[in-house]
Amino acid sequence: MTILLLSMILALGVYALFSHDLLHSVIALSAVSMISALLFTILRAPDVAITEAAVGAGVSTVIFVWAIRHTRRRSKD
Amino acid sequence: MKRTLLWLKLIITLATIAVVALPIVVNNHSWPQISRDYLYTNALSDTGALNTVSAIYLGYRAMDTLGETLVLLVSITGTMGILVNLKREDSDQSISFSLEPEKRAKNAQRTYLLEVIASKLGPIVLLFGFYVMLYGHISPGGGFQGGTIIASAIVFLALGTQMETKLTNTTILARIEALAFLVLVLAAVSGVFFESGFFGNPIKSGNSLSPNFIILLNIVIGLKVGMSIAIMCIAMMGGRSDH
């Protein structure tokens with residue numbers, strides 16, 4: 001279970017790095033936060049899990065989307 | 001040429017990961033247990049909080065928590081300083097989440113889906129945030145966690161509801177934040193006058209320490225964190241700036 005979640009985090013992180021659409025990267029990072037929150041719950045750290053879900057998946061996604069809206073979304077190539 | 005560069009990059013990355021992960025793999029010692037055992041036996045009687053994480057960051061290490069709230073205050077102040085200058089150039093109102101009620105009906109990005117989900121989910125999330133904040137001394141959670149959940153609830157309400165409420169008015173939110181920070185500093189120095197030191201627990205119930213001080217600190221920190229993040233998000237979405 002842990003191995004599966006960790007490999008999903010790795011795959012989503014690589015996708016966020018190499019994606020040409022910044023909005024897709026932000027959604028992938030949000031998914032990484034949700035899976036990390038699940039991992040923290042498995043590791044019996046519910047305090048950290050609540051913070052990770054609220055900050056990582058909620059607030060930081062809002063801030064990233066705001067920043068993308070004020071710049072260019074796609075890369076040139 | 002390009003292929004060798006790629007292989008070089010890959011090798012360097014793997015070598016860095018190997019160097020970082022090496023101490024964990026070859027480590028033969030067991031984890032140190034002395035502080036864990038100490039906290040297990042003494043945390044409840046030292047601070048009055050059943051949740052050991054709350055006992056650490058509001059009892060033993062309350063000074064660090066004050067520093068963290070100061071860091072948050074400074075970063076929010078800097079963000080607002082940038083946003084106030086930026087907003088005047090942003091004139092493209094058709095794609096902006098403008099929150100003024102008279103502009104809501106004809107905004108391109110406001111759909112019924114957003115209004116239905118956000119306005120119905122907002123009060124529930126707000127209640128859950130207050131629960132996490134108030135019961136931080138017993139169950140997992142606390143001021144920071146509850147504060148961020150309250151902030152996301154306020155953002156939901158600001159996005160979803162048609163009418164203008166006091167909860168989405170940035171002036172009132174800023175006043176609540178300032179008041180919460182004042183109470184936090186007052187609570188920090190109050191221990192000095194009751195012979196328990198800076199951030200000491202001044203409330204005693206019989207022989208043992210009462211958790212009421214932890215509850216007070218949780219409420220104050222939660223309100224401060226929640227209001228400041230909510231102000232920042234509302235200002236980013238093009239909310240009112242009538243102050």
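How far apart, in nm, are two points set 7 Å out from the Cα along the Cα-to-Cβ line at B:Val192 and at B:Arg175? With each label point 7 Å from Cα toward Cβ, the separation is 2.9 nm.
Per residue of A:48-55, count partner chain C-beta atoms within 10 Å of its C-beta, then hand back the mean as an integer.
Working: counts 3, 2, 9, 7, 1, 4, 13, 7.
Neighbouring Cβ atoms belonging to other protein chains average 6 per residue here.
Using only the Cα atoms of segment B:155-194, build the gyration tensor, take square roots of its eigenvalues as a ≥ b ≥ c, and label the shape rounded, prolate or oblate: rounded if a/c is under 1.5, else prolate if a/b is larger than b/c, else oblate. All intermediate terms of the calculation are to be shown ahead of the outcome.
Values: a/c = 5.89, a/b = 4.00, b/c = 1.47.
Prolate, because a/c is 1.5 or more and a/b exceeds b/c.
For segment B:3-83, the Cα-based Rg and Dmax, in that order, read 21.9, 63 Å. Once Rg and the Kirkwood radius are both taken over the C-alpha atoms of segment A:2-69, their ratio Rg/Rh works out to 1.01. Peptide packing: for B:62-74, B:134-146, the average count of neighbouring Cβ atoms within 10 Å per residue gives the ranking B:134-146, B:62-74, highest mean first. Along the axis of the charge dipole computed for segment B:1-80 (Cβ charges of +1 for Lys and Arg, -1 for Asp and Glu, origin at the Cα centre), the listed residues B:Leu58, B:Leu70, B:Leu39 are led at the positive end by B:Leu70. Could you tell me whether the protein assembly as shown comes out rounded, prolate or oblate from its Cα gyration tensor? Rule is a ≥ b ≥ c as square roots of the eigenvalues, rounded for a/c under 1.5, then prolate if a/b exceeds b/c, otherwise oblate. Oblate, since a/c reaches 1.5 and b/c is not below a/b.
Ordering B:Lys166, B:Lys2, B:Lys224 by accessible area with a probe of 1.4 Å, largest first, what comes out?
Working: B:Lys166 150, B:Lys2 170, B:Lys224 0 Å².
From most exposed to least exposed: B:Lys2, B:Lys166, B:Lys224.
Below 8 Å, C-alpha to C-alpha, sequence gap of six or more: please give me the relative contact order for segment A:2-69 in percent. Display every interim value, and only then the final one.
Values: 55 pairs, mean separation 20.7, N = 68.
Relative contact order of segment A:2-69: 30 percent.
For the pair segment A:38-56 / segment B:120-199, the C-alpha centres are spaced 20 Å from each other. Projecting the Cα atoms of B:Gly143, B:Thr165, B:Thr4 onto the dipole axis of the protein assembly as shown, where Lys and Arg carry +1 and Asp and Glu carry -1 at the beta carbon, places B:Thr4 farthest toward the positive end. Sequence gap of 8 or more, or different chains, plus Cα separation below 26 Å: how many lysine pairs satisfy both in the protein assembly as shown? Taking the protein assembly as shown as the scope, the lysine pair count is 14.
Would you mind giving the mean number of other chain beta-carbons within 10 Å of the Cβ of each residue in A:58-70, as a whole number? Walk me through the numbers on the way to the answer.
Numbers: counts 9, 8, 0, 0, 8, 5, 0, 2, 8, 1, 0, 8, 4.
Counting other chains' Cβ atoms within 10 Å and averaging over A:58-70 gives 4.
The values are calculated or read from the model by the stated rules, or taken from the named source; none is laboratory data. All of these numbers come straight from a predicted model, not from anything done at the bench. Cβ atoms come from the backbone with ideal geometry, glycine included; neighbour counts cover every protein chain shown. Just so you know, the surface numbers come from the protein's heavy atoms only, side chains and all, with ligands and any DNA or RNA stripped out. Shrake-Rupley method; radii C 1.70, N 1.55, O 1.52, S 1.80 Å.
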